[in-house]
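The values are calculated or read from the model by the stated rules, or taken from the named source; none is laboratory data. The shown structure was predicted, so the numbers you read here are calculated from the model rather than taken from an experiment. Here Cβ is always computed from backbone atoms with ideal geometry, including for glycine, and neighbour counts include all displayed protein chains. We work out accessible area using only protein heavy atoms, side chains counted, and drop any ligands, DNA or RNA first. Shrake-Rupley method; radii C 1.70, N 1.55, O 1.52, S 1.80 Å.
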Protein chains: 2
Amino acid sequence: MADEPASSLRRALDLLDALASDDAVAQGGWGVSRLAAQQGRDKSQVSRTLRVLADAGFVERDAGSMAYRIGWHVFALAARAADQRLLAAGAPILRRLVEKDLGERIHLSVLQGPEVLTILTETPPHAVQTVAWAGRLVPAHNTSSGRALLIDHDRDELERLLAGAVFGVGGPNAPADVNALFERILVARRQGFAIIDEEFEPGLVAAAAPVRGFRGEVVAALNVSAPKFRLGARLPLAGQAIKAAADELSRELGYDARRPTSLVARARAG
Amino acid sequence: MADEPASSLRRALDLLDALASDDAVAQGGWGVSRLAAQQGRDKSQVSRTLRVLADAGFVERDAGSMAYRIGWHVFALAARAADQRLLAAGAPILRRLVEKDLGERIHLSVLQGPEVLTILTETPPHAVQTVAWAGRLVPAHNTSSGRALLIDHDRDELERLLAGAVFGVGGPNAPADVNALFERILVARRQGFAIIDEEFEPGLVAAAAPVRGFRGEVVAALNVSAPKFRLGARLPLAGQAIKAAADELSRELGYDARRPTSLVARARAG
DNA sequence: CAGATTGATGCGCGTAATGCAAATGGGATC
DNA sequence: GATCCCATTTGCATTACGCGCATCAATCTG
């Protein structure tokens, strides 16, 4: 719980988030009133905050509709967001995986608090509709990426990280609590990759493996997900392929598997 | 220059900017003291502001060095709003192209599997018939937009993507097979834009250039097409104009041509 | 161990964010 | 053109909260 006092800065950042929501994007941006109502704030202050954000280029407003949308500055910053090496080195590996090995949707994700952020997606050409997954957040505790990203966490760390998470939802096999999750993490740790069978969504299976940085800590996860009827049978094989690719990516980031990692890897949990 | 009172929000945003500077990025992020000195602010408040930014995910800190960097959350914002911005920033550029530069029909399109989907059109006033092109699908292999959208693809990727495509149809100069297409893509790659001369339809010429997103990957294509008797003579010039406009749009999407984001592009090429 | 550096925190002070209310500015409809 | 209605901005009194100073803990250096 412990709702922070919510500083004025935090409230401003929440406005940016709201403008990047599916609804706001789909409607070509939101006006002051809509934003104020949605955020439970007074219109006046929202108006003033947006003016500052607009002056700084973080939002911009449509000349006709007066609606605000995310501005150029955010895109410029995003281009310099954390570890571009991960993106640069990851892209070709994802492509190869989807084309040569698996023929299913491949994602590269990082941990964002108790959730998983997809930063790169590669879709097979035959895919009918491409849902834009990049930039989306999903829970960490019932997804394959999440399991891979948490593979070094011990029970206490899990407990703390997932204090607010809702267990037992998603697919029929979703873990019921932290203990169940930890058990499955131990399995993943043993075999080097995680297998998910209808935990996140009914009928969906997935496999994921951790990507490590040069210090040995988990920096990302590579995963494949697909309908059970298509991927189910060869899921263990897919896991192996994903793990091989993740290991390759780790090497490109400077990770040396022979060096001991546990100490440094643990440091990131705080 | 009437310096604004500089609200606290503005100061916080300036911190993000500072963290996105070349120096900061090159050094893997900056610490509190460095940032405070560079911004002429007190360490204490920089520390507190960064804590809020970090809680919101807008910055993240390196566990070892304590240095702050732009966080993945910014990336997520940009990724989710990317499509919106493509449309918003694209519209005026299309309008300007058709009014000032070319006086012919301009399209903005994206790749949809092996086909090209037009998402924005601008028509010159003198146009007799206004066919609604937006929402239409055309083949990728014998259109200028398609060529621009496939400009980073290598031969193998083309082969897989266009496995079901019918070659040798459309105009008299339509590419006969994947090899012929790839040859022409190489030409387009060299000059930065694609020229089509009666490939899609007899008597029709076109020029197109790729638009890149903040990650450096091709997200759309800008193109002009017109009857050969009207545009044929100045087609190379039109190509240059289209390329210039596409580059401008890319910049508005956060693409920085100087940065080696081309790693992503190059890696695709092989 | 002294000395320097870096980041976090306690605490009064004063600025700048806040909420209410009123004003402004279009678009509608009649 | 007069009257509403909606969205956005602005005026203003109040005070929360951002601010700088000083202090403290933790690391690094020599």
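Taken together, B:A220, B:A241, B:A233 contain a single residue that is small (G, A, S) and either open to solvent by less than 20 Å² (accessible area, probe 1.4 Å) or not assigned by TED's automatic domain parsing to the domain that holds B:V98 (or both), which is B:A220.
Just one residue in the set B:S33, B:S65 is of a type in the set (S, T, N, Q) and within 12 Å of chain A (Cβ to nearest Cβ); that residue is B:S65. One residue is enough: does segment A:1-16 have a residue meeting the conditions away from every other protein chain (no Cβ under 12 Å), in a helix (DSSP H, G or I) and within 7 Å of DNA strand D (Cβ to nearest atom)? No, segment A:1-16 contains no residue that is away from every other protein chain (no Cβ under 12 Å), in a helix (DSSP H, G or I) and within 7 Å of DNA strand D (Cβ to nearest atom). Restricted to segment A:190-252, the set of strands (runs of 3 or more DSSP E) holding at least 1 residues that are out of contact with any Phe, Trp or Tyr (no Cβ under 9 Å at 6 or more places or on another chain) and small (G, A, S) comprises A:194-197, A:218-227.
For segment A:18-30, a residue qualifies if it is within 9 Å of another protein chain (Cβ to nearest Cβ) and in a helix (DSSP H, G or I), and the qualifying residues are A:L19, A:D22, A:A24, A:V25, A:A26. The requirement of being open to solvent by 20 Å² or more (accessible area, probe 1.4 Å), within 19 Å of B:Q191 (Cβ to Cβ) and either in contact with an Asp or Glu (Cβ under 7 Å, 6 or more places away or on another chain) or at pLDDT below 90 (or both) is fulfilled nowhere in segment B:246-253; no residue meets it.
To keep it simple, each residue is scored yes or no on (1) buried (at least 19 other Cβ atoms within 10 Å of the Cβ); (2) away from DNA strand C (no atom under 12 Å from the Cβ).
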site: B:R11; (1), (2): no, no
site: B:A18; (1), (2): no, yes
site: B:R34; (1), (2): no, no
site: B:A37; (1), (2): no, no
site: B:F58; (1), (2): yes, yes
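For segment B:161-189, the set of residues classified as assigned to a helix (DSSP H, G or I) and surrounded by 15 or more Cβ atoms within 10 Å (Cβ to Cβ) consists of B:L161, B:V178, B:A180, B:L181, B:F182, B:R184, B:I185, B:A188, B:R189, listed by residue number.
For segment B:36-62, the tally of residues that are under 17 Å from B:A20 (Cβ atoms), in a helix (DSSP H, G or I) and within 9 Å of chain A (Cβ to nearest Cβ) stands at 2. Each residue in segment B:190-211 was checked for being open to solvent by 40 Å² or more (accessible area, probe 1.4 Å) and within 24 Å of B:D256 (Cβ to Cβ), and 2 of them qualify.
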